[in-house]
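Here, each number is a calculation from the coordinates, and none is a lab measurement. Since we're looking at a predicted model, the values are computed, not measured.
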Amino acid sequence: MFRTVRLFLGGDYQFLATNYGHQGAACTLFCLYCLATLEDKSTNPSSMNVLWGEGKTKKTLESLEIETGKKAIFPIEIDMLVPLPLHIILGLTKDYLLAFLEKVCFSFLIIQDKHSLTLILIFSVAGLGSPQHS
């Protein structure tokens with residue numbers, strides 16, 4: 001009796017990049033999964049989407065070997081990679097927070113009395129007008 005065994009490769013980004021002979025986060029095509037560039041990451045973070053749909057191209061083991069000119073140490077297809085989520089979550093959170101802050105207008109209202117100091121943060125989304133002050 002035979003059973004199908006599916007191999008997954010997991011690890012942090014540096015380990016996965018090293019496995020495929022990839023230069024890592026500093027190279028132009030930094031992503032192991034898609035053809036996103038460093039310019040895409042800095043100029044349009046909302047276009048960074050790991051879901052492959054219309055207009056998205058994902059990498060394969062073969063295309064990564066052509067890109068790097070190296071054979072993988074463990075030749076496991078890109079679909080079978082399991083990256084550690086911590087840095088992905090931190091990176092996406094930072095990018096989305098920066099994109100949010102670019103679109104938001106902040107105002108501060110400070111109320112101070114004898115025993116306390118209160119800071120009220122007022123914000124409005126750009127394009128919808130700024131907070132109204134009386």
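Residue by residue through the stretch 66-79, which ³J(HN,Hα) values in whole Hz follow from phi under the Karplus form 6.51 cos²θ - 1.76 cosθ + 1.60 (θ = phi - 60°), with glycine and proline marked x?
So the Karplus estimates, Gly and Pro as x, are 5, 4, 8, x, 10, 8, 6, 5, 10, x, 10, 4, 4, 4 Hz.
Excluding same-chain residues fewer than 8 positions from K59, which lysines have a Cα within less than 24 Å of its Cα?
Those lysines meeting the cut-off are K41, K70, K71.
Amide H neighbours of C34 under 5 Å, at least 5 residues apart or on other chains, H built in the peptide plane: list them.
K59
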